[in-house]
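Since the structure comes first, as structure tokens, the remarks are kept for the end.
The values are calculated or read from the model by the stated rules, or taken from the named source; none is laboratory data. All values reported here derive from a predicted model rather than from experimental measurement. As a convention, Cβ positions derive from the backbone with ideal geometry for all residues, glycine included, and neighbour counts pool all protein chains shown.
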Amino acid sequence: MRKSFAPSQLPTFAASTFPAPPRRSLDLPLGTTVAITYGTYDLFHVGHVRLFERIKRRFDFLVVAVSTDEFNAVKGKKSAVPFDDRIELVRACRHVDLAIPETGWAQKESDIVAFGADAFVMGSDWEGKFDHLKSLTEVLYLARTEGVSSTELKQNIRGRQ
């Protein structure tokens, strides 16, 4: 025999019982997967392009955050190429759907939530450094392109002078 309940007898749930899906600041079709990655992208090279290409093979929409010159200074880095030029180069890459400035350490967490990122992706040289973000999204570390890096390019240029 089936038991009936009056509406007043049905359980009520707080809004926090069923959390809302992440709010995306992007206007994308339902089911679109989003990945986000971060970097300085100084002396933009084929390794950067291949990283973006591999991310786009797995995800529909790629957001690339480019470190500003001011944030690089906080990190103790100085870019050979100014921020405005670096972000323009990244935006010109066909695999990149959106390039944004990276202005601080805490931005990663807020960007993951704001863009509803399905994955946070970095090169394998950062392995384990961003595992704390796994509570927000999938964290992937992809293998670097062998034999090419901005640091190596800078060293080779200095060696030729």
Condition first: among the basic types (K, R) and either at pLDDT 95 or above or surrounded by 14 or more Cβ atoms within 10 Å (Cβ to Cβ) (or both). Can you find one or more residues in the stretch 77-89 that meet it?
yes
Filter the stretch 99-121 down to the residues that are more than 14 Å from S67 (Cα to Cα) and either in a loop (DSSP other than H, G, I, E, B) or touching a strand residue (DSSP E or B) at 6+ places or on another chain (Cβ under 9 Å) (or both) and list them by number.
I112, F115, G116, A117, D118, A119, F120, V121
Among (1) hydroxyl-bearing (S, T, Y); (2) farther than 16 Å from V139 by Cα; (3) in a strand (DSSP E or B), there is one condition Y38 misses while meeting the rest; what is its number?
(2)
For the stretch 18-35, does any single residue satisfy the condition of being over 18 Å from F130 (Cβ atoms), touching a Leu at 6+ places or on another chain (Cβ under 9 Å) and modelled with pLDDT of 90 or more?
yes
Assuming R94 fulfils every condition listed in (1) outside any loop (DSSP other than H, G, I, E, B); (2) modelled with pLDDT of 95 or more; (3) of a type in the set (D, E, K, R) apart from one, which condition is it?
(1)
Looking at (1) surrounded by 17 or more Cβ atoms within 10 Å (Cβ to Cβ); (2) over 21 Å from L142 (Cβ atoms); (3) touching a residue at least 40 places away in the same chain (Cβ under 8 Å), can you tell me which one S25 breaks?
(1)
Have a look at K134, K129 and point out the one that is more than 16 Å from G39 (Cα to Cα) and either at pLDDT 85 or above or in a strand (DSSP E or B) (or both).
K134
Check off (1) touching a residue at least 24 places away in the same chain (Cβ under 8 Å); (2) farther than 25 Å from G31 by Cα; (3) surrounded by 15 or more Cβ atoms within 10 Å (Cβ to Cβ) for E70 and give me the number that stays unchecked.
(3)
Every pair of residues 6+ apart whose Cβ atoms lie under 9 Å, when the first sits in the stretch 131-146 and is within 16 Å of A114 (Cα to Cα) while the second is acidic (D, E) and buried (at least 17 other Cβ atoms within 10 Å of the Cβ)
T137/D118; E138/D118
Can you give me the number of residues within the stretch 41-67 that are in a strand (DSSP E or B) and without any contact (Cβ under 8 Å) to a residue 40 or more places away in the chain?
5
Total residues in the stretch 110-125, condition closer than 18 Å to T40 by Cα and surrounded by fewer than 16 Cβ atoms within 10 Å (Cβ to Cβ):
2
